[in-house]
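Data first, discussion second: the structure below is written as structure tokens.
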Amino acid sequence: PATVLLYPMRPQAFTPMLMSWVHALNFDPMIEGSLLLMGCVLLLGAAAATLVWVGLRLTRGSLWRAAPALLGALLLAGLSGCGDGGKPQAVWCETGTGPGEVVYPRAITYSRADDTFFIIDRVAHVQHLDHDGRCLCEWQMPQWKQGKPVGASVGPDGDLWVPDTHYHRVVVYSPDGKLLRMLGHEGTGDGQFLLPTDIAFEGGHIFVSEYGGNDRVQVFDRDWHKLYQFGRFGNRDGEFSRPQSMVIDRGLVYITDACNHRLAVFTTGGKWVRNIGSAGSALGQFRFPYGLDEDREGHLIVCEFGNN
């Protein structure tokens with residue numbers, strides 16, 4: 001709610017600074033950042049109320065007489081943004097922690113092998129759903145009090161690969177929920193992670209993105225031997241500030257560089273190619289791009305946290 005209230009105002013520096021800080025937090029509980037933003041909203045509201053009071057004093061009530069028209073204009077502006085987006089074909093899951101139930105779902109991935117989906121919610125509850133949304137099986141991540149995964153990927157072998165973000169590792173499950181491997185641990189060396197976010201596959205190689213200081217992509221072979229890495233923390237070409245999601249297509253890796261408000265493009269060999277987009281709300285601009293996918297025609301689909 002604080003984000004929604006602040007972003008329409010779009011200050012040039014203050015709000016982006018606060019939002020970048022919140023999104024770069026290395027720990028899952030972001031309530032402190034939300035409270036800070038809410039405090040800013042309250043301060044801005046107090047300032048607006050003061051300006052209205054001063055205006056009323058200066059205009060001796062003329063502003064008050066115009067208030068109904070102003071409120072009406074605001075209401076019409078709000079209603080003009082509402083529309084029928086169409087009805088979904090189905091609604092899957094209900095609120096809860098049992099089979100077919102979720103609490104703030106935050107990751108989903110598709111398995112082409114059997115036309116099914118895997119979802120993970122904010123209580124680290126993993127579910128395997130068929131194409132009609134029925135729960136085939138469910139399980140819990142090994143640990144979750146420190147934080148929950150922000151992504152999931154199905155590997156070429158059909159197994160579920162989960163970047164266990166706040167435990168700094170990659171966890172691999174069979175489609176029926178059997179724990180197969182736990183890879184990596186906290187650190188900045190080869191095969192170590194700080195807050196891994198996504199996993200992608202290409203040509204027998206495994207790509208893992210991470211942030212929190214490392215802000216890089218590490219590349220491994222099938223046997224989990226590190227081959228190379230690319231990227232580092234920063235805002236220049238070839239640098240990242242929270243690489244969040246990856247798509248690999250025809251020798252190129254497309255990455256949502258969330259806190260730099262752009263897509264970064266590299267070759268699968270790790271050479272920087274170009275950036276796509278810039279900070280803003282116009283077409284082709286981004287505010288905290290997070291999710292990334294590709295349709296069958298090769299279009300990149302990006303969902304943005306900041307621009308809703």
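Among the numbered conditions (1) within 18 Å of the chain's Cα centre (by Cα); (2) at pLDDT 95 or above; (3) among the polar types (S, T, N, Q), tell me where residue 192 comes up short.
The one condition residue 192 does not meet is (1).
In the stretch 286-298, how many are of a type outside the set (Lys, Arg) and either at pLDDT 95 or above or open to solvent by less than 40 Å² (accessible area, probe 1.4 Å) (or both)?
6
Looking at the stretch 277-298, which of its residues are without any contact (Cβ under 8 Å) to a residue 24 or more places away in the chain and touching a Leu at 6+ places or on another chain (Cβ under 7 Å)?
The one that is without any contact (Cβ under 8 Å) to a residue 24 or more places away in the chain and touching a Leu at 6+ places or on another chain (Cβ under 7 Å): 277.
Could you list all residues from the stretch 130-174 that are under 22 Å from residue 203 (Cα atoms), open to solvent by less than 70 Å² (accessible area, probe 1.4 Å) and either of a type in the set (Val, Ile, Thr) or assigned to a loop (DSSP other than H, G, I, E, B) (or both)?
Within the stretch 130-174, 151, 152, 154, 155, 158, 159, 162, 170, 171, 172, 174 meet the criteria.
Filter the stretch 211-230 for residues that are in contact (Cβ under 8 Å) with a residue 12 or more places away in the chain and farther than 18 Å from residue 252 by Cα and give the result.
Matches in the stretch 211-230: 211, 212, 213, 214, 215, 222, 224, 226.
Among residues belonging to the stretch 175-214 that are touching an Asp or Glu at 6+ places or on another chain (Cβ under 6 Å) and assigned to a loop (DSSP other than H, G, I, E, B), point out the one that is least open to solvent (accessible area, probe 1.4 Å).
Going through the qualifying residues, I end up with 195.
Pick out the one residue from 253, 247 that is under 20 Å from residue 106 (Cα atoms) and open to solvent by less than 50 Å² (accessible area, probe 1.4 Å).
247
In the stretch 256-285, which residues are open to solvent by 30 Å² or more (accessible area, probe 1.4 Å) and among the aromatic types (Phe, Trp, Tyr)?
272 - this is the single residue of the stretch 256-285 that is open to solvent by 30 Å² or more (accessible area, probe 1.4 Å) and among the aromatic types (Phe, Trp, Tyr).
Give just the number: which of (1) open to solvent by less than 50 Å² (accessible area, probe 1.4 Å); (2) outside any strand (DSSP E or B); (3) over 21 Å from residue 204 (Cα atoms) does residue 236 not satisfy?
So the condition that residue 236 fails would be (1).
The values are calculated or read from the model by the stated rules, or taken from the named source; none is laboratory data. On a predicted model such as this, the values are computed, not experimentally measured, just so you know. Glycine gets a Cβ as well: all are built from the backbone with ideal geometry, and neighbour counts include every protein chain shown. When the accessible area is computed, the model is the full protein with side chains, heavy atoms only, and any ligands, DNA or RNA have been set aside. Shrake-Rupley method; radii C 1.70, N 1.55, O 1.52, S 1.80 Å.
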